[in-house]
1. With the requirement that a residue be of a type outside the set (S, T, N, Q) and within 13 Å of chain B (Cβ to nearest Cβ), what does segment A:150-163 give you?
2. For the structure I just gave you, tell me whether B:ARG192 is closer than 30 Å to A:LYS45 by Cβ and surrounded by fewer than 24 Cβ atoms within 10 Å (Cβ to Cβ).
3. Take A:ASN155 and tell me if it is of a type outside the set (A, V, I, L, M), closer than 22 Å to B:GLN130 by Cα, assigned to a loop (DSSP other than H, G, I, E, B) and within 16 Å of ligand 2 (Cβ to nearest atom).
4. Among the residues of segment A:21-29, is any over 30 Å from B:SER120 (Cα atoms) and within 16 Å of ligand 1 (Cβ to nearest atom)?
5. Please verify whether segment B:114-133 includes one or more residues that are within 14 Å of chain A (Cβ to nearest Cβ), outside any helix (DSSP H, G or I), crowded, with 19+ Cβ neighbours inside 10 Å and over 21 Å from the mean Cα position of the chain (by Cα).
6. Which residue out of B:ALA142, B:ALA133, B:ALA111 is farther than 21 Å from B:PHE250 by Cβ and touching a residue at least 24 places away in the same chain (Cβ under 8 Å)?
7. Mind listing whichever residues of segment A:96-112 are outside any loop (DSSP other than H, G, I, E, B) and more than 10 Å from chain B (Cβ to nearest Cβ)?
8. For a quick check of your reading of the model, give me the residue pairs whose first member lies in segment A:155-184 and is closer than 14 Å to A:GLN85 by Cα and in contact (Cβ under 8 Å) with a residue 60 or more places away in the chain, whose second is within 16 Å of ligand 2 (Cβ to nearest atom) and open to solvent by 20 Å² or more (accessible area, probe 1.4 Å), with beta-carbon atoms closer than 7 Å and at least 6 apart or on different chains.
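The values are calculated or read from the model by the stated rules, or taken from the named source; none is laboratory data. Here the structure is a predicted model, which is why all the values come from computation and not from measurement. When we count neighbours, we look across all protein chains shown, and the Cβ atoms used for this are built from the backbone with ideal geometry, even at glycine. In case anyone asks, the SASA skips ligands and DNA or RNA and just uses the protein heavy atoms, side chains included. Shrake-Rupley method; radii C 1.70, N 1.55, O 1.52, S 1.80 Å.
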Amino acid sequence: MIEAKEVDKSFGEHHVLKNISCSFEKGKTNLIIGQSGSGKTVLMKCLVGLYEVDHGRIIYDDRNFSEMDFEQRKNLRQEIGMLFQGGALFDYMTVEENVMFPLNMFTHQTKEEKLDRVNFVLKRVNLENVNRLMPSELSGGMRKRVAIARAISMNPKYLFCDEPNSGLDPQTSGVIDQLINEITKEYGITTIVNTHDMNSVLSIGDNVAFIYNGELWWNGNKNTILHTENKELNEFVFGTELTSRLKR
Amino acid sequence: MKDCCNFSKNIPVEFKVFTQTGDYVLLMLRVFTKPQKARIFWQRLMDEIQGLGIESIGIVAFISAFMGAVVAIQTAYNIDSPFVPLSAVGFTVRQSVILEFSPTVISLILAGKVGSRIASEIGTMRVTEQIDALEIMGVNSANYLIFPKVVALLLINPVLIVLSMWMGILGGWLAMSGFGLVTTTDYVDGIRLDFEAYTIFYSLMKTLFFAFIISTISGFYGYKTNGGALEVGQASTKAVVVSSILIILFNLVLTQLFLT
Ligand SMILES: Nc1ncnc2c1ncn2[C@@H]1O[C@H](COP(=O)(O)OP(=O)(O)O)[C@@H](O)[C@H]1O
Ligand SMILES: [Mg+2]
C-alpha cells in the first residue's frame, strides 16, 4: 500500500497540488483521474520522488519515503517500476537492451539468466521477435508494451503508469489496460495509473481518485463513479458524446 | 531528483550567473562519483570515444590542414625583406599551430560540434523523460550520462589536437612545395628552429582544460533542459556559446599562467 498524506506541491507561485491525502492498495489497479493539467503527473512524480513535496508525507508500506536519504531511496526504487507517458525507452538501445538495462545495472545474473528474464517479460506483454529492433522502429502500442516489460523486469512491488494509453487507438488502449490489470493481479503489485480515459476507468478502476484543480475531489471505484452527485466529477465522466449517451 | 538543480527559479536575472554556477557545481558533485557498475561505464566510455572522438577526426584534419596552408601562404607572401630567411615560414606555421591554433581554435570548433551534440542528446533524454526513467530505476543519471562523456573528451581531445598539429604543419608544407614558394629544406629547417617540447605540453594542458569545459558545460545545459524540442535547441545553442566564451576567457588566463 502506498499512502499520500497532506501532500502540497507548488512550482513558484503556481500551487499545483493542494493538501492531497489518499491511499493506493496492493493487488489493485488504483487510478488517478482528472482533466489534462489537473496535476496527475505531478502527483505521480511526487509519489516516486522525482519531485520533492513541499509539505506532507509519502509512505510505502509503513516506510516513510519522505524521510529517506538518497541511498535508502535508491534501494526502494529497485522495487518500483514506472511507465512514462511517452514510454521513455532509451533510444540508442535495442528493445532487448532496454528491457535488460535494469538487470545489467542492479543484478549479478549471468547473461543467460538475464536473457531468459527479458524474453519472459517480453512474452508476458505479447511481444516476440522484436529483441533486435530499435525503439524508433516500433509502433506506439509496441513502445508502451516494451516500456511495461522494462518496468516489470525487476519484479517490482509498485508499478506507476502515467497515461499508459495516451496516443493509442481505443482497441490498443484496451489491450494495454488489460495487460496492466492482469499483471497487477498476477503478481500482487500496488499499481497506480494516471488516466483521463473513461474507458480505462470503467474497465480497470478498482479504486479511483478524481483530482480537480490539484485537489482530491472524489474517491471511489468503477462501480460507484457512474452514480455520484458530484458536479465536477459528473462533468468529467459524462463529458464525451459516448458517455453522455450512456447517461440518457 | 530534478529539484536539486532548480536554484535558478524566481530569482532576478542579475543573480542568474551565480545561481547557475551553484547549480553547475551541485550537478558536478553528482557527476563525479564512482560509477555504479564498472562494466557498464567502460562500455559507455567506448561508445562516447567513438561518437565524440573518432567521428571528429575528419573535420579536425580537414580544417587543420587548410589553416596550416593558409598561415604558410600568408607568411610566405609577407616576407619581402632579404634579411628574413624563408625558413621563417616553417617557424611561423609551427608556432601558431602548436601554441594557439590547434589547442584553442580546434577546441572552439569541437565546442560547436561536440558540445551541441552532448547538450541535445542529454536534453532530448530529459524532455522525453528518459532521465526520469533512469532516476526511477535508482541510477544516478548525472553520473551515468555525463561522466563517460567527460572522460572520453579528456582522453580523445589531446589526441585530436596532436593530430591537428601534424595536419597543420603538413598542410603548410604541401602548400609551400605545391605552389613552389618555399623549398622543403627551408620549411623543415623552420619547423625545427628553436623547438621546445614544453610548448607541446603547454598546449595539451590547455586542451585538457577546454575538454573539461566543453563536456561539463554542455552536459549541464542538456541536463537542465526543461520543456520540449524548442528548449532542446536552445540548450544546445547555449552550451556552444557558453563553452566558447569560457574557452576564450580561460585561454587568456592559462596563457598568462603557463608562459610566465
Ligand atoms: N516542472 C514544472 N514546472 C512548473 N510547472 C509545472 C511543472 N510540471 C507541471 N507543472 C504544472 O502543473 C500543472 C499540472 O501538470 P500535470 O501534473 O502535468 O498535469 P496532468 O494532470 O495533465 O498530468 C500544470 O499546470 C503544469 O503547467
Ligand atoms: Mg500528465
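1. A:ARG150, A:ALA151, A:ILE152, A:MET154, A:PRO156, A:TYR158, A:LEU159, A:PHE160, A:CYS161, A:ASP162, A:GLU163
2. Numbers: closer than 30 Å to A:LYS45 by Cβ: no; surrounded by fewer than 24 Cβ atoms within 10 Å (Cβ to Cβ): yes.
Against the criterion (closer than 30 Å to A:LYS45 by Cβ and surrounded by fewer than 24 Cβ atoms within 10 Å (Cβ to Cβ)), B:ARG192 does not qualify.
3. Working: of a type outside the set (A, V, I, L, M): yes; closer than 22 Å to B:GLN130 by Cα: yes; assigned to a loop (DSSP other than H, G, I, E, B): yes; within 16 Å of ligand 2 (Cβ to nearest atom): no.
Answer is no for this residue.
4. Yes, segment A:21-29 has at least one match.
5. Scanning segment B:114-133 turns up at least one residue that is within 14 Å of chain A (Cβ to nearest Cβ), outside any helix (DSSP H, G or I), crowded, with 19+ Cβ neighbours inside 10 Å and over 21 Å from the mean Cα position of the chain (by Cα).
6. Numbers: B:ALA133 fails: touching a residue at least 24 places away in the same chain (Cβ under 8 Å); B:ALA111 fails: farther than 21 Å from B:PHE250 by Cβ.
B:ALA142 is the lone residue from the list that is farther than 21 Å from B:PHE250 by Cβ and touching a residue at least 24 places away in the same chain (Cβ under 8 Å).
7. Once the filter is applied, which keeps residues that are outside any loop (DSSP other than H, G, I, E, B) and more than 10 Å from chain B (Cβ to nearest Cβ), segment A:96-112 yields A:GLU96, A:GLU97, A:VAL99, A:MET100, A:LEU103, A:LYS111, A:GLU112.
8. Here the result reads A:ASP162/A:THR41; A:ASP162/A:GLN85; A:GLU163/A:GLN85; A:SER166/A:GLN85, each pair linking segment A:155-184 to a residue that is within 16 Å of ligand 2 (Cβ to nearest atom) and open to solvent by 20 Å² or more (accessible area, probe 1.4 Å).
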